[in-house]
Amino acid sequence: MRRFLQTLGSAWGWFWIALVIIAWFPTMVLVYVLTVPFDRGRYIVGWWFRRMGVAMATVNPYWSFRRGGVHVADPRRPYVVVSNHESFADILLICHLPFEMKWLSKVEILKIPLIGWMMRMAGDIPLKRGFGPSAVEAMQRCHVSLRNRVSVIFFPEGTRSPDGRLLPFKDGAFRLALEAGVPILPLVVAGTGTALPKHDWRFTRARARVEVLPPIETAGMTLDDLPELKARVRATIETARDELRRKLA
């Protein structure tokens with residue numbers, strides 16, 4: 001009976017999420033048309049798109065998502081944002097933050113009707129995994145976004161951890177921050193690991209939170225400092241994640 005009720009409730013949740021997506025599309029088109037001529041970084045239309053993520057999480061009867069941590073005083077100061085990665089639900093949780101960031105996404109997702117079209121309007125960055133020229137182009141677009149005073153976000157683990165332990169961090173986000181001379185803004189997410197189990201479409205109850213940690217400056221650093229910077233950020237996120245998990249428990 002419990003499994004049946006979970007299936008029924010999840011179907012009901014997906015129904016409302018689908019309605020949110022359908023309702024959001026015409027508003028995205030309108031915001032895109034009105035703002036893109038003067039907003040080169042697509043900050044406004046991107047910010048509006050992330051509000052859809054908040055709405056999608058809100059209509060889900062199984063989830064309770066919150067945000068906290070450091071206040072970002074200037075949302076147009078560009079950062080390379082990095083976060084640990086527990087679940088697909090991380091994306092909707094991070095959307096609760098009140099500033100815009102461009103996301104790297106598999107190119108296949110940007111081909112999905114409505115969702116993919118809105119991601120393209122928002123200026124999210126396609127990436128074809130395993131194809132070197134695509135990675136180079138994606139990093140070039142990240143540099144353009146930063147020059148337009150819009151942050152970009154990475155999951156430096158590269159994939160979701162299968163057992164909850166923090167995976168090794170890849171170099172890309174840190175190389176970008178050093179080359180562009182912008183700070184790293186660490187995020188920590190906790191509580192999403194069971195929100196939408198991998199290889200299952202059914203939701204489970206989750207109380208999750210995203211916290212913004214203090215920025216880490218890169219001024220005066222060179223690429224030689226990359227390993228130390230990466231290790232410092234990873235240690236900071238791991239410590240904060242463990243503490244946040246204890247609070248949520």
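Relative contact order of the chain, taken over Cα pairs closer than 8 Å and 6 or more residues apart, is 25 percent. Magnitude of the charge dipole for the chain, about its Cα centre and with charges confined to Cβ atoms of Lys, Arg (+1) and Asp, Glu (-1), is about 700 debye. Remark: Phe155, Phe15 ranked as Phe15, Phe155, counting other beta-carbon atoms within 10 Å and listing the fewest first. Placing a label point 7 Å from the Cα of Glu238 along the Cα-to-Cβ line, the residues of the stretch 183-199 whose backbone N sits under 18 Å from it are 186-190. Just tell me which aspartates and glutamates come within less than 17 Å, Cα to Cα, of Lys170; anything on the same chain fewer than 8 places away is out. By straight Cα distance, Lys170 reaches Glu86, Glu157, Glu179, Asp224, Asp225, Glu228, Glu238. Using 0.36 nm per residue and subtracting the Cα-Cα separation, the extra length available between Asp74 and Arg207 on full extension is 45.0 nm.
Taking the helices alone, the chain has a mean residue ellipticity at 222 nm of -15000 deg cm²/dmol, built from -39,500 (n - 2.57) per DSSP H run of at least 4 residues and averaged over all its residues.
I want the local charge near Arg120. Using Cβ-Cβ distances under 11 Å, sum +1 for each Lys or Arg and -1 for each Asp or Glu among the other residues. Surrounding charge for Arg120 is +1.
Under the shape rule built on the C-alpha gyration tensor, where the axes satisfy a ≥ b ≥ c, the stretch 1-73 is oblate, since a/c reaches at least 1.5 while a/b does not exceed b/c. Amide H to amide H, with H built 1.01 Å from N, Tyr79 comes under 5 Å of Ser151, Val152, counting only residues 5 or more places away or on other chains. Does the stretch 21-169 come out rounded, prolate or oblate, given a ≥ b ≥ c as the square roots of the eigenvalues of its C-alpha gyration tensor, rounded meaning a/c under 1.5 and, failing that, prolate meaning a/b above b/c? Rounded, because the longest to shortest axis ratio a/c is under 1.5.
Dipole of the chain computed with +1 at Lys/Arg Cβ and -1 at Asp/Glu Cβ about the Cα centre; of Thr218, Leu5, Met56, farthest Cα towards the positive end is Leu5.
Going by the alpha-carbon gyration tensor, a ≥ b ≥ c the square roots of its eigenvalues, is the stretch 84-194 rounded (a/c under 1.5) or, if a/c is not under 1.5, prolate (a/b greater than b/c) versus oblate? It is rounded, given that a/c, with a ≥ b ≥ c, falls under 1.5. Taking one quarter of the surface of the C-alpha convex hull of the chain gives a mean projected area of 13.6 nm².
May I ask what percent, to the nearest 5, of DSSP beta bridges between residues of the stretch 2-248 are antiparallel? About 20 percent, rounded to the nearest 5.
Computed from the coordinates by the stated procedures, all read-outs in this text should not be read as laboratory data. A quick note: this is a predicted structure, and the numbers were derived from the prediction, not measured. Please note: Cβ atoms are built from the backbone with ideal geometry, for glycine as well, and neighbour counts cover all protein chains shown.
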